[in-house]
1. Taking other Cβ within 10 Å of each residue's Cβ, how do 419, 243 sort, fewest first?
2. Treating only the Cβ atoms of Lys and Arg (+1) and Asp and Glu (-1) as charged, compute the dipole magnitude of the chain about its Cα centre; round to the nearest 20 debye.
3. If the only charges are +1 at each Lys and Arg Cβ and -1 at each Asp and Glu Cβ, what is the size of the charge dipole of the range 45-177 around the Cα centre, to the nearest 20 debye?
4. Under the rule of -39500 (n - 2.57) per DSSP H run of 4 or more residues, summed and divided by the residues of the chain, what mean residue ellipticity at 222 nm is obtained, to the nearest 500 deg cm²/dmol?
5. Would you grab the residues whose amide H sits under 5 Å from the one on residue 154? Only those 5+ places off in sequence or on another chain, please, with H modelled 1.01 Å from N.
6. What is the sum of charges, Lys and Arg at +1 and Asp and Glu at -1, for the other residues whose Cβ falls under 10 Å from the Cβ of residue 215?
7. If each of residue 163 and residue 70 carries a label point 7 Å out from its Cα toward its Cβ, how far apart are those two points in nm?
8. If you average 1/r over every pair of different alpha-carbon atoms in the range 242-365 and take one over that average, what Kirkwood value in Å do you get?
Amino acid sequence: MKVRAVRIAAAVTAVMLSTGLLASCGSSDPKPSSASAGAGDIRFSWWGSEQRNARTNAVIDLFQKKFPVKVAGEPVDYLKYFERLNVQAAGGNMPCVTQMLTFGLNDYASKDLFLDLSNAKPLDLGPLDKGVVDSLRTDDGKLYMAPYGMAPSVIAYNKAMAEKYGIDIPKNSMTWGEFFSWMRQAQKKLPKGVFAMDFPYNTPVEVITYLGSRGPVFENGKAAFRAEDLAGWFSTWHALMKEGVVLPAERITDYTGSHEDSAMAAGVAFASARPANALGAIGNGLKSHGLAPDTGYTLLPVADNGTATDLLPINGLSIPKSCDNVASALEFINFWINDASANVAFAADNGAPTVAANRAKLLDSPETGESTKDMIKIAGEVVDRGSLAIDLPPSFQTTFLDAYRRLAISVFTGATSAEAAAEDIISRMG
C-alpha cells in the first residue's frame, strides 16, 4: 500500500487559513447523517489520553442520541494499542470500528482483515479532501481506512523557557545538521536538570523523515535506506545524550506514555518532536506541574538541499471483516467524520479534520483553543511544502518500528553498536 505525498489542492489549503468563505457557503458543508440505518451494538477501540477519551465519549454520546446504536468504547494507551489489536485480530475479535493510522494500516490490510470502504454507504467520502483519501488507496483503488485526522509532527518547544533563557527558535527551513547544532546551543542556556530535547521514541515520523532526506526509504516492501544513514541517526542522538543535551537513555521509558506525561510536559525537556495535535496536551501537562502552559513549534528539518520530506501521518477508522454489525459501524464512521457537532466535540484531538468545512468551523470558533488552531494551520503548512511519498511495507509496526525502539535503547545504553543496530533492522525487513 503506497502512502503517497499528500498534497491538498491550493483552494482547499486556502480554506484552512481563511475560515469565513467556506463557513458562509452552505453547499460546502458536510452532509448530515441520516438515522435510517444502523441499530444494535458495536465496539469502538482507540488510543489516547484522558482528554481524548473524554472527547471521544462526547462524540459517542452525540451519536447515540441520533441513532439506536449502543457504542462500547475500548480506549488504551498508544504503545499498548497495537499489542492488544494483534491479539484481537488473531482471535477474530477486532472491534467493529477500529482506529487505525498509516503506520499500521498495511500490517492488517495486507492480511485481508479490513473491509473496502470505497463505496460503502452510508459512509460519504465526498466531503473529504480527495488528495488525502487517494493517498490511502491501494494500487487497485481499494480503501481500508476512512481518514479523519492529519497529524504532522513538529518540534514543539516551551515558550516560557525560550523567552526566559533567550533561546532563539530556528525557522521552518532548518536542515537536520542545523537542528542538532541548535539543540547544543540551547543546552548552553538552559538550567541544570533541563535537557534541550528528548529522543523521539514513540513514533517513526522523525527517523523516516530524516532517512527520506538522505534518499529512498522503502521500495517493494523492503528497506531502501542505507545502513550508514540509520547508524548515523543513532550515533548522533547517542552523542547528544553523552553531552547532556538529550534526555539520557535510562530515563526515556519514564516518559513514553501520554503527551501530558512527556518529559517536555514535566518541564524536564525544553523541546520535543511531537504530533502537532499534542501541543494542547503538552500544555495541559505543563499546567499540571505548575508551569506556564505555553507551547510553540517549528516544522521538522529539511534535507540539505531544502527539500521537505515530512512523513504525514493520517489517522482513520477501519472496519474488520469479522464485524457483525457493518451497517452501524459505517453509520458511526460517517457521523464521526462528517457531522459538524461531532467534530466540534472532538476538537481535532487526533489531527486536523479531513473535511474542509469542519476545519473552517473549528478555526472560526471562539471555543477552539489556540493550540488546536495552530495544529490545523500546521497541517496546511506541511501539506503546502510537500510530504514524503513512501511505500510502507507489510508488518511495518513489527519489522521496523518495534525493532527501532528496542534497538535504539540498546544503542544508547551501549549494549549494541549503532552500525549493528542499523544492519539488524535492515535484515529484519528482508
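1. Ascending number of Cβ neighbours within 10 Å: 243, 419.
2. 300
3. Dipole magnitude for the range 45-177 comes out near 380 debye.
4. -12500 deg cm²/dmol
5. Those lying under 5 Å, H to H, from residue 154 are 274, 276.
6. Neighbourhood net charge equals +1.
7. In this crude label model, residue 163 to residue 70 measures out at 5.1 nm.
8. Averaging 1/r across every pair of different Cα atoms and inverting gives 17.6 Å.
Here, each number is a calculation from the coordinates, and none is a lab measurement. Treat the numbers as computed from the prediction; the structure is a model and nothing was measured. Positions of Cβ are generated from backbone atoms using ideal geometry, with glycine treated the same way; all protein chains shown enter the neighbour counts.
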